[in-house]
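First comes the structure, then the notes that go with it.
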Amino acid sequence: MFSEEEFRQVTAQVPGMVFRLHLSYTGVLKYLYVSDGVRELYGVEPDAVVADSAALRIFRHPDDEPTIGSDLQEAARSTLPMLLQFRIQLADGTVKWVQVSSTCVEQDGLGAVRSGIMIDITGRKQTEIELQETEARWKLALESTGDGVWDWHIQEGAEFYSDRYKEMYGYPADKVWQHADDYVDLVHPDDKAQLLLDQHAHFSGAAPTYSNEHRVRCKDGSWKWILSRGMVITRDPKGEPLRMIGTHTDISARKAAEAQIWRQANFDPLTGLPNRRMLRQRLEHDIQASQTAQQSLAILFIDLDHFKEVNDTLGHDGGDLLLVQAAQRIQACLGPADTVARMGGDEFTVIVCDAKPDAGPAPENRLEQRLQAILDSLSQAFELGEEHVFVSASMGVTLYPADATRVEDLFKHADQALYLAKGSGRNRFSFFTPALQQAAQTRARLASDLRSGLAQSQFEVVYQPIVQLASGKIFKAEALLRWNHPLRGVVNPAQFIGIAESSGLIIDIGDWVFRQAADQVRRWRGQLQSEFQISVNKSPVQFHHEGQSPHSWIEHLRSLGLPGSSVAVEITENLLLDASPKVIRHLLDMRDAGVQVALDDFGTGYSSLSYLQKFDIDYIKIDQSFIRNLTPAATDLALCKAIIVMAHALGMTVIAEGIETPEQLDLLKAAGCDYGQGYLLGRPMSPKAFEAFHLETSAATPSPA
């Protein structure tokens, strides 16, 4: 056994104060032994403490005195190890934190004998206090931002939440979660995988902080988008995370705004259908899926016929309502995997998935049935408020991969097929064929050549006589455009006028033709006949163009000293159907200037008598389709007679086009037609040839008595 001296030597090497004391049940203590460490703790000699056990009591911190007394009474009664922490205050005012650990070595009727050690833990306590204060300040700062704060003790699986956190999700402040798994159950199923990936990235050190956006189920069952951010603040010696603190920020408003922006960027606001951008994405996806499944796709371009008439008649509200209903009808004809998109205006595009043709004698029967169903649906009456209106649709169809594999080519082919459907009479569908591609390429080349044709003087104006049938005299002519292409030769106007209109080149070309005709009529009024008049065709595009007005033409006539009546403007019935306020103003300005208006190709369009009266038409030109088969017993003769009688009753003059036989001429004279035009009466000719023809005709035509 150790001697007392040896025991003192050993305990002197132990940091702190080693002691042995007796504790009475009343809390009175008697030190039986105190090591030299008491000098370092209290500045008191060991013998003084053994002699007077109350010597250390005076150093107890006043605030801790009540607690120390009760703890000592408990230590006297208990045989269990005890651990106490309290403060002592030295004579110079220094305050120390000490920790006392002791064990019961024996117990008698008066109390217990305990051995133990007291150590200075001031440094450790100060660190704990500073950490608590720092954490409190940090949490206060986070709370002040309006975010919810969470504190996750990872290895324990416990998580604690601030009041603001609970408030965000509609839970009361006394709501307690203890297990982290409880929170994971509130995360939207679609968001859990990414949340765990982002957590792992931070735990592994791949990401310096944790950040994740996900949805959380609130108490009322609704979902709220939040931004969760955090950082591991404690790790074990192996680097495994122990504790992580972070915040939740409500980003529901931002997510709603982003969703709205995304929808506006990808969907048509009127119909709710995908727009051009979204359509392209879906088509690219469908193409990939079709490649995998070895299936076909059909791409449809749909254009509503006569939509502009509805828009002009019923206003934009009526037009918008029609578009919404048309979108619904098209959608109703499609399968769940198909897509219909609005490309703008009255144009729709459809992707038909798995468009595999049926086998049998009609290889495209099934697809054609679906196409016809769309046309039939769109041809039914639309109820727009109190109005019932009818439109039809033209449709161009191309197939993937039979016709093309690239998105741009598919769109181009569908557009070419639509062009054919519209040109073939509308209310029908047309499939793309290689011939359409060739025709489109020809149109593209012609459009390119047109741009240089005017600058290089490739155009000329020829004139076809308009003969007064009763007298045979010629004091009218129609100006007709001819294009002498350096490589193609003479290009038929039917091939390039439509291209000029669609490209906008008709504006410059039309102005050039008018100036040529105006200069010509000035010469012929001096040379041939003082009241000579030349008719000039004016495209609807020229009427609708923003930069076009009749004033430039009228001013040019005045600069030449010509009256408005020296020129007549020929228009089509379609212009009257599409007449906007701008077009009406244009026609009225020409009438006020004395320029006469001729309605060309009458009988082939849809104009009514109300249009003829409304726009103050001067001439009606009977279309050559009525003249071509004119015989004494023909229905066309009855129609021509009816048109002539009607026009005369309305104060209009009638010109018959396409007269090619003497019989046609005689029948029209007998019917009272005023003027005639056609190869029998004179072909289109150059100004010089026209002058010679006029001189010859005048010499052969007897003057009235």
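Just a few scattered comments:
Results for (1) of a type in the set (Lys, Arg); (2) farther than 30 Å from ILE644 by Cβ; (3) without any contact (Cβ under 8 Å) to a residue 60 or more places away in the chain, shown as yes or no for each residue.
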{"site": "MET395", "(1), (2), (3)": "no, yes, no"}
{"site": "THR398", "(1), (2), (3)": "no, yes, no"}
{"site": "ARG406", "(1), (2), (3)": "yes, yes, yes"}
{"site": "ARG428", "(1), (2), (3)": "yes, yes, yes"}
{"site": "ALA444", "(1), (2), (3)": "no, yes, yes"}
{"site": "GLN456", "(1), (2), (3)": "no, yes, yes"}
{"site": "TYR463", "(1), (2), (3)": "no, no, no"}
{"site": "LYS473", "(1), (2), (3)": "yes, no, no"}
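- For region 449-503, the candidate set comprises residues that are of a type in the set (Ser, Thr, Tyr) and surrounded by 14 or more Cβ atoms within 10 Å (Cβ to Cβ); within that set, the residue that is nearest to the chain's Cα centre (by Cα) is SER503.
- Lone qualifier among LEU314, LEU270, LEU321 - being in contact (Cβ under 8 Å) with a residue 60 or more places away in the chain, in a loop (DSSP other than H, G, I, E, B), farther than 28 Å from ASP354 by Cβ and open to solvent by 20 Å² or more (accessible area, probe 1.4 Å): LEU270
Residue-by-condition table, conditions (1) under 30 Å from ASP346 (Cα atoms); (2) under 26 Å from the mean Cα position of the chain (by Cα):
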site: ASN266; (1), (2): yes, yes
site: THR292; (1), (2): no, no
site: LEU314; (1), (2): yes, no
site: LEU322; (1), (2): yes, yes
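- Of the listed requirements (1) under 13 Å from LYS476 (Cα atoms); (2) open to solvent by 60 Å² or more (accessible area, probe 1.4 Å), GLU555 misses just one: (1).
- Residues (in a helix (DSSP H, G or I), open to solvent by 40 Å² or more (accessible area, probe 1.4 Å) and over 25 Å from GLN527 (Cβ atoms)) located in region 648-699: HIS648, ALA649, PRO662, GLU663, ASP666, LYS669, ALA670
- Which listed residue is open to solvent by less than 20 Å² (accessible area, probe 1.4 Å), touching a residue at least 12 places away in the same chain (Cβ under 8 Å) and polar (S, T, N, Q), from SER290, SER296: SER290
- Criterion (assigned to a helix (DSSP H, G or I) and within 21 Å of ALA692 (Cβ to Cβ)) met by exactly one of ARG522, ARG482: ARG522
- Test: VAL491 is among the hydrophobic types (A, V, I, L, M, F, W, C), free of Cβ contacts under 8 Å to residues at least 60 places away in the same chain and out of contact with any His (no Cβ under 9 Å at 6 or more places or on another chain): no
- Checklist (1) of a type outside the set (Lys, Arg); (2) over 37 Å from the mean Cα position of the chain (by Cα); (3) open to solvent by 20 Å² or more (accessible area, probe 1.4 Å) applied to ALA444, failing item: (2)
- Those strands (runs of 3 or more DSSP E) lying entirely in region 387-432 with at least 3 residues open to solvent by less than 80 Å² (accessible area, probe 1.4 Å): 392-400, 428-431
- Only a single criterion out of (1) part of a loop (DSSP other than H, G, I, E, B); (2) modelled with pLDDT of 85 or more is not satisfied by GLY605, namely (2).
- Test: TRP512 is open to solvent by less than 60 Å² (accessible area, probe 1.4 Å) and in a helix (DSSP H, G or I): no
- Every listed requirement among (1) outside any helix (DSSP H, G or I); (2) under 20 Å from VAL149 (Cα atoms); (3) without any contact (Cβ under 8 Å) to a residue 60 or more places away in the chain is met by THR247 save one, (3).
- Taking the criterion of being on the phi < 0 side of the Ramachandran plot, at pLDDT below 85 and open to solvent by 30 Å² or more (accessible area, probe 1.4 Å), the residues of region 338-367 that qualify are LYS356, PRO357, ASP358, ALA359, PRO361, ALA362, PRO363, GLU364, ASN365, ARG366.
- Meets criteria (under 22 Å from GLU258 (Cα atoms), without any contact (Cβ under 8 Å) to a residue 40 or more places away in the chain, in contact with a helix residue (DSSP H, G or I) (Cβ under 8 Å, 6 or more places away or on another chain) and exposed (fewer than 15 other Cβ atoms within 10 Å of the Cβ)) for LYS192: yes
- Check on ALA579, modelled with pLDDT under 90 and more than 48 Å from the chain's Cα centre (by Cα): no
- Evaluation of THR79 against (1) open to solvent by 40 Å² or more (accessible area, probe 1.4 Å); (2) among the hydroxyl-bearing types (Ser, Thr, Tyr); (3) in contact (Cβ under 8 Å) with a residue 60 or more places away in the chain (one fails), failing number: (3)
- Taken as a whole, the structure places LYS224 among residues that are open to solvent by 20 Å² or more (accessible area, probe 1.4 Å), modelled with pLDDT of 90 or more and in contact with a Cys (Cβ under 8 Å, 6 or more places away or on another chain).
- Of residues in region 627-647 being touching a Leu at 6+ places or on another chain (Cβ under 6 Å) and not in a loop (DSSP other than H, G, I, E, B), the one least open to solvent (accessible area, probe 1.4 Å): LEU637
The values are calculated or read from the model by the stated rules, or taken from the named source; none is laboratory data. Source: prediction; values computed, not measured. Note: ideal-geometry Cβ built from the backbone for every residue, glycine included; neighbour counts use all protein chains shown. Note: accessible area is taken over every heavy atom of the protein model, side chains too, but ligands, DNA and RNA are not part of it. Shrake-Rupley method; radii C 1.70, N 1.55, O 1.52, S 1.80 Å.
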